[in-house]
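This report concerns only the one structure given below.
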Amino acid sequence: MERNHVPEPAILVIFGASGDLTWRKLVPAVFNLRIDGHLPGEFAVLGLDRKEMTDDEFRDRMRDGVDRASRRGKTDDAAWNPFAQSLHHMLADFGDAKSYEVLKKRLQALAKDWKSEPNYIFYLAVPPELFGPVAAQLGQCGLARLRNRTFLVLEKPFGHDLESARELDRQLTATFHESQLYRIDHYMGKETVQNILAFRFANSLFEPIWNRRYIDHMQITVAESNGVEHRGGYYDKAGALRDMVPNHLFQILSMVAMEPPISFDADEVRNKKGDVLKAVRPIPADQVSKFAVRGQYDAGWTKGQKVAAYRKEPRVDPKSNTETFVAVKLFVDNWRWQEVPFYLRTGKRLAARYSEVVVYFRPVPHSTFPTSCQPNWLPNRLAIRIQPEEGIQLRIMAKHPGLTMRLDPVEMKFSYAASFQIQSPEAYEALLLDVIEHDPTQFLRDDMIEAGWSLVQPILDAWGNDRITDFPNYEAGSWGPDAATHLLANDGRSWSRPKVEE
Ligand code: BG6
């Protein structure tokens, strides 16, 4: 967690270097880490893929990515040129053992004049079906041997259901030890997600009321205004549930619901987070419709533009049954949270892009003020905004100025932008630096992945067996299907509707 030392020499080997992730996220993140002085002097990036490319061509392509995607905007030669010297490219066939022999030699050559042996970070920016085979090849050529120096970084999806996740794990752990595996959930690199820990555990104010006695329910929303864009091929097989819930939403859930860790030791934090997922009450197979609802977007309007229905998106089946929206109600069966509902929702083509955790507190036990004094009474509500307009907002009742006793709800606000006035690093900067520094705190452990899939498996089973007839069931640019409204209305509650500028 602390960044107070220069990390050891390292080579970041990216499998899938011509892909979007490398160009748009990974190399811009590494470049910013270099500018901010977080990288060791002896550091190199080796990009691998099936495309023939010289180092210079690779560098030019990466510069284009940095120019377009870096939070710092366009690069200048003074910063870029020395950094570019650390970027290299290698042609490789990921299924061919010979490529791994060449890789070994290339790694030795890159670090030939370095003062000490580097760490090797193998980043799999490749389709998930290659995770197991690439891991096995790395093992066979001896590149996974150094347990304290060799790390494998993987991007979701970690399987597509419980069984495939277990199988993937078997394949990876046949070669790598769990401590060498860094499973990325980019939400864990977001400043505001990390701030949930600071907010909860660095302030004495909130922890005493952070329980079933004071909290009525919580809502976690990750809403997107975009559609599936160019990812129809992947998304149509995955759907909103697999794409967002066992990973991003469950990670946020575990941060808001976890017990206080004793320290920031990586396994201590992950144990406490994992405990939340293990305590979530399983959804009974015959009651899925009471706990989970789904939707698919129809044509509509977003940001003033007419947009197509999901079924008309490129590489999507015109009769697709895939959900683009999901909402679930969960309970965490432990002392702290017994019978407090956690409502989670996520969807594409919703009215705005925003992610937020909203905590609704119980009403006061006895109302000193009659209803006539507080016609607009609302419960205390704490909103932790993850994006955009990152910050925290607390709604309280206050006396309206005047000679009569009239109470109205008002908001107290903390805004990241206004309070700190500095640019936050990108999620990938934080996470890559964690890998370079061997800090797995923010990464998903095998038991967390398994717990996540176990929880969504009954929903996957029920939805897989039952062809839905009312899709599409929400308009693009709306807040999702009516079923999501009913999920809360049945409990006498409603979703929070923030004001968000798009
Ligand atoms: C990804 C999902 O993991 O997260 C995408 O696969 C989704 O479908 C994205 O759009 C959302 O991330 P962010 O950082 O834009 O909120």
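The values are calculated or read from the model by the stated rules, or taken from the named source; none is laboratory data. A quick note: this is a predicted structure, and the numbers were derived from the prediction, not measured. Cβ coordinates were reconstructed from backbone atoms using ideal geometry, including for glycine residues, and neighbour counts include every protein chain displayed. These area figures cover heavy atoms from the full protein model, side chains too; ligands, DNA and RNA do not enter into them. Shrake-Rupley method; radii C 1.70, N 1.55, O 1.52, S 1.80 Å.
Annotation: lysines with alpha-carbon distance below 27 angstrom to Lys399 (same-chain offsets under eight excluded): Lys413, Lys499. Dividing the summed helix terms, -39500 (n - 2.57) for each DSSP H run of n ≥ 4, by the number of residues in the chain produces a 222 nm estimate of -9500 deg cm²/dmol to the nearest 500.
Distance between the pseudo-spin-label points of Lys98 and Ile35 (7 Å out from Cα toward the beta carbon): 4.2 nm.
Legend: calculated FRET efficiency, Arg71 to Leu403, from the Cβ-Cβ distance at R0 = 45 Å, rounded to 0.05, equals 0.30.
Mind giving me the FRET efficiency for Ala109 and Thr469? R0 is 56 Å, r the Cβ-Cβ distance, nearest 0.05 is fine. Spell out each step's value before the answer.
Numbers: r = 61 Å, r/R0 = 1.09.
My answer for the efficiency is 0.40.
Relative to the dominant Cα principal axis of the chain, helix 55-69 is inclined by about 10°.
A straight Cα-to-Cα reach below 14 Å connects Lys25 with the aspartates and glutamates Asp64, Asp67, Glu155, Asp185, Glu426, Glu429, residues fewer than 8 places away in its own chain not being considered.
Any chance you could run the full-extension gain for Ile396 through Ser367? It's 0.36 nm times the residue separation minus the Cα-Cα distance, nm to one decimal. Please list the in-between numbers first.
Working: separation 29, 0.36 × 29 = 10.44 nm, distance 1.46 nm.
Taking Ile396 through Ser367 to full extension adds about 9.0 nm, to one decimal.
Entry note, the range 280-422: relative contact order of 15 percent, from Cα contacts under 8 Å with a spacing of 6+ residues.
Spin-label model, Ala417/Ser204: points 7 Å from Cα along the beta carbon direction are separated by 3.5 nm.
Keeping all protein chains in place, calculate the accessible area per residue for the range 301-348 (probe 1.4 angstrom), answer in Å². Mind showing how you got there, number by number?
On the way: 2250 Å² over 48 residues.
That works out to 47 Å² for each residue.
Taking Cβ atoms as reference points and 12 Å as the exclusive limit, the residues near Arg61 contribute a net charge of -3, counting Lys and Arg as +1 and Asp and Glu as -1.
Identify the residues of the range 283-305 with backbone N under 13 Å of a label point that sits 7 angstrom from the Cα of Glu163 along the Cα-to-Cβ direction, or state none. Counting backbone N atoms under 13 Å from the label point, the list is empty. Note on the range 1-81: along the principal axes its Cα atoms extend 39, 25, 22 Å, ordered by decreasing extent. Diagonalising the gyration tensor over the Cα atoms of the chain and scaling each eigenvalue by 5 before taking the square root yields semi-axes of 41, 26, 23 Å, largest first. For Lys105, the lysines whose Cα comes closer than 26 Å to its Cα, not counting residues fewer than 8 places off in the same chain, are Lys51, Lys115. Site pair Asp64 and Ala308 shows an inter-label distance of 2.5 nm when each label is modelled 7 Å from Cα along Cα→Cβ. Kindly state, to the nearest 0.05, the FRET efficiency for Arg231 paired with Leu91, given R0 = 22 Å and r defined as their beta-carbon distance. After rounding, the FRET efficiency stands at 0.25. Specify the inter-centroid distance of the range 294-318 and the range 393-447, based on alpha-carbon positions, in whole Å. Taking the Cα centre of each part, the range 294-318 and the range 393-447 sit 32 Å apart. Look at the alpha carbon pairs under 8 Å that are at least 6 residues apart: their mean separation over the length of the range 102-228 gives a relative contact order of 21 percent. Each residue of the range 97-110 is assigned a 3J(HN,Hα), and the resulting list reads 4, 4, 4, 6, 5, 4, 4, 4, 5, 5, 5, 4, 5, 5 Hz, derived from the Karplus form 6.51 cos²θ - 1.76 cosθ + 1.60 (θ = phi - 60°), x at Gly and Pro.
Looking at the P(r) of the range 375-490, how many percent of alpha-carbon pairs lie beyond 16 Å? Here the long-distance tail beyond 16 Å is 81 percent of all Cα pairs in the range 375-490.
What percent does the relative contact order of the chain come to when contacts are Cα pairs within less than 8 Å and at least six residues apart? So the answer I get is 18 percent. Hey, quick one: spin label on Tyr214, modelled 7 Å out along Cα-Cβ, who in the range 324-339 has an amide N within reach, i.e. under 17 Å? Zone members listed by number: 336-338.
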